[in-house]
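Here is the structure we will look at.
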Amino acid sequence: MLSVETVSYRYIVNDEYTKLLMAKRGLRQGDPLSPMIFVLVMDYLYRILQKLKSNPNFNFHANCEKLGIINLSFADDLLLFSRGDSGSVNILLQSFNNFSSSTGLGANPMKCRIYFGNVNMKEKDDIKKITTF
């Protein structure tokens with residue numbers, strides 16, 4: 001997979017071009033290409049996560065099973081859903097890690113949150129250890 005690795009910029013100041021400025025990675029904020037790249041990359045993640053539907057060890061979140069929802073993405077945020085058991089969370093995290101290793105995009109553990117509903121304390125502790133969030 002080819003990707004944009006370096007980006008260069010020049011600005012006009014007082015009718016003269018500045019020196020060539022090089023960015024080490026990514027696109028400038030507000031670049032018109034950014035939304036399209038985001039959609040393409042999130043589609044790749046969606047396809048990876050859709051394979052979980054055929055994994056008998058993966059359990060959907062109770063409110064998401066009927067619609068088959070595993071993830072929602074918008075702006076620069078990602079929500080992942082699974083039942084609150086360590087097995088399902090581990091499988092979901094493995095799929096996300098496969099995505100991360102192939103794209104170079106990862107989760108910032110300092111910004112990640114887990115929300116539990118009707119999960120016992122031992123299971124919560126196991127899930128926290130698996131995710132390190």
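The values are calculated or read from the model by the stated rules, or taken from the named source; none is laboratory data. These numbers were taken from a predicted model, which means no experiment stands behind them. When we count neighbours, we look across all protein chains shown, and the Cβ atoms used for this are built from the backbone with ideal geometry, even at glycine. The protein model used for the area step is the full one, side chains on, heavy atoms only, and it has no ligands, DNA or RNA in it. Shrake-Rupley method; radii C 1.70, N 1.55, O 1.52, S 1.80 Å.
Applying the criterion of being in a loop (DSSP other than H, G, I, E, B) and charged (D, E, K, R) to the residues of the range 4-19, the residue that is modelled with the highest pLDDT is Asp15. Any residue that is open to solvent by 100 Å² or more (accessible area, probe 1.4 Å), at pLDDT 80 or above and within 22 Å of the chain's Cα centre (by Cα) - is there at least one of those in the range 20-36? Checked against the condition, which is being open to solvent by 100 Å² or more (accessible area, probe 1.4 Å), at pLDDT 80 or above and within 22 Å of the chain's Cα centre (by Cα), the range 20-36 yields at least one hit. May I ask you to list pairs of residues, at least six apart or on different chains, whose Cβ atoms are under 7 Å apart, with the first in the range 92-111 being more than 20 Å from Phe38 (Cβ to Cβ) and modelled with pLDDT of 90 or more and the second being assigned to a helix (DSSP H, G or I) and among the aliphatic types (A, V, I, L, M)? Correct list of pairs: Leu92/Leu52; Leu93/Ile130.
So in the range 66-76, with the set limited to residues that are in a loop (DSSP other than H, G, I, E, B) and open to solvent by 70 Å² or more (accessible area, probe 1.4 Å), which one is farthest from Met42 (Cα to Cα)?
Lys66
Of everything in the range 40-65, what is among the hydrophobic types (A, V, I, L, M, F, W, C) and either surrounded by 12 or more Cβ atoms within 10 Å (Cβ to Cβ) or at pLDDT 95 or above (or both)? Give them in sequence order. Hits for the range 40-65 are Val41, Met42, Leu45, Ile48, Leu49, Leu52, Phe58, Phe60, Ala62, Cys64. Scan the range 77-115 for residues that are farther than 16 Å from Phe58 by Cα, more than 11 Å from the chain's Cα centre (by Cα), open to solvent by less than 70 Å² (accessible area, probe 1.4 Å) and among the hydrophobic types (A, V, I, L, M, F, W, C) and the total you get is 1.
For the range 116-132, which residues satisfy the criterion of being in a loop (DSSP other than H, G, I, E, B), in contact (Cβ under 8 Å) with a residue 12 or more places away in the chain and either open to solvent by 80 Å² or more (accessible area, probe 1.4 Å) or of a type in the set (D, E, K, R) (or both)?
Asn118, Thr132
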